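What follows is a single structure, written as structure tokens, with notes after it.
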Amino acid sequence: MKRASLWLVSMLIAASTLAVPGPTAAAYPAHVWSNSDAFKATCLGYNDTYPQQLYSLSVTQLANRGFGPISGALGAGFTRSALLNNVLSDWAVYVHSHGDNYWAASGYPNVDSGVLQDPGAGRCNSSSDIIRSSSIRSATQGSYYNIVIMSTCMLGSSSSTMPAAFQIDKTKQSNDPEFYLGYVYHTWDSSSLRFEEAFWSYINGGASRTLSGAYAYASGIGGYEPVGSEPFQANWWGNPYYDGAPQRPTAR
């Protein structure tokens with residue numbers, strides 16, 4: 001696993017530069033990305049404040065779980081190249097944006113899910129902004145991820161290929177410390193914020209709580225806005241007993 005090799009090299013370098021012997025704090029980098037400019041009045045007719053709230057919430061809560069340093073971008077800094085160039089080092093990844101299950105280059109019935117990068121100030125998203133799961137999977141190089149949250153439409157659906165981009169199987173019985181969360185249908189980001197606030201409040205509420213338990217709690221509080229015939233529905237895959245604290249995996 002390339003990441004493990006990179007981590008070992010960094011630890012050796014750190015140890016060689018210490019003036020006195022002592023433990024080296026482990027780093028569990030995470031990135032939080034939020035598409036903001038496509039949610040402005042230019043594109044929606046009003047300024048949506050939820051991208052900022054979701055970004056701030058995720059930065060705070062991933063830090064609470066023990067991940068860090070936490071980097072990423074809100075707005076124009078969230079680009080395809082920024083995500084792909086940084087994802088290999090991550091242990092947790094959060095994305096808030098538009099998302100969908102797009103047709104793969106090979107066409108129907110193959111799917112290549114994606115999220116849309118921030119288009120830049122004064123611009124709205126187009127198909128040129130898609131960051132496809134196939135590109136993300138190539139960039140991750142088989143690396144391991146603890147928490148992946150795709151706070152977008154559709155990427156929690158059964159046809160999504162995004163979990164596989166992070167080597168997370170679509171099972172709720174994984175033995176690895178991993179958790180993927182997404183939304184099944186088209187979703188108001190006000191509902192995403194309500195869900196994620198409840199999700200994190202549960203996991204922070206006491207020892208021995210799990211992310212799957214946080215999902216059940218947040219799903220059960222209700223009060224979510226539907227989009228037409230598509231009810232609000234989150235979904236997850238991973239380990240039902242994982243508590244969300246960063247853990248280095250055993251070799252795969």
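The values are calculated or read from the model by the stated rules, or taken from the named source; none is laboratory data. These numbers were taken from a predicted model, which means no experiment stands behind them. FYI the Cβ positions are ideal-geometry reconstructions off the backbone, even for glycines, and counts take in every protein chain you see.
Looking at the structure I just gave you, is GLY114 under 20 Å from LEU57 (Cβ atoms) and at pLDDT 95 or above? Taking the combined requirement at face value, the residue does not satisfy it. Checking the range 88-111 against the condition returns a match, with at least one residue being within 20 Å of VAL59 (Cα to Cα), surrounded by fewer than 17 Cβ atoms within 10 Å (Cβ to Cβ) and of a type outside the set (Asp, Glu). In the range 163-178, the count of residues that are crowded, with 19+ Cβ neighbours inside 10 Å, of a type in the set (Ser, Thr, Tyr) and modelled with pLDDT of 95 or more is zero. Determine, yes or no, whether LEU211 is touching a Phe, Trp or Tyr at 6+ places or on another chain (Cβ under 7 Å), at pLDDT 95 or above and closer than 22 Å to GLN52 by Cα. No: the conditions fail for LEU211. Of all the residues in the range 129-178, those that are over 16 Å from the mean Cα position of the chain (by Cα) and farther than 11 Å from GLY99 by Cα number 11. Considering the range 121-143, and only residues there that are of a type in the set (Gly, Ala, Ser) and touching a Ser or Thr at 6+ places or on another chain (Cβ under 8 Å), the residue that is surrounded by the fewest Cβ atoms within 10 Å (Cβ to Cβ) turns out to be GLY122.
Select from the range 92-135 the residues that are in a loop (DSSP other than H, G, I, E, B) and within 30 Å of GLY66 (Cα to Cα) and list them in ascending order. If the condition is that a residue be in a loop (DSSP other than H, G, I, E, B) and within 30 Å of GLY66 (Cα to Cα), then SER97, HIS98, GLN117, ASP118 are the ones that fit. Restricted to helices (runs of 4 or more DSSP H) entirely inside the range 136-226, those with at least 1 residues that are touching a residue at least 12 places away in the same chain (Cβ under 8 Å) and among the aromatic types (Phe, Trp, Tyr) are 189-203, 211-220. Of all residues in the range 29-63, those being assigned to a strand (DSSP E or B) and under 21 Å from PRO246 (Cα atoms) number 4. The residues on offer are THR152, THR210, and the sole one that is surrounded by 22 or more Cβ atoms within 10 Å (Cβ to Cβ) and either over 20 Å from ARG137 (Cβ atoms) or out of contact with any Cys (no Cβ under 6 Å at 6 or more places or on another chain) (or both) is THR152. Residue check: ARG194 meets all listed conditions (1) at pLDDT 95 or above; (2) surrounded by fewer than 17 Cβ atoms within 10 Å (Cβ to Cβ); (3) more than 16 Å from the chain's Cα centre (by Cα); (4) not hydroxyl-bearing (Ser, Thr, Tyr) but one, namely (2).
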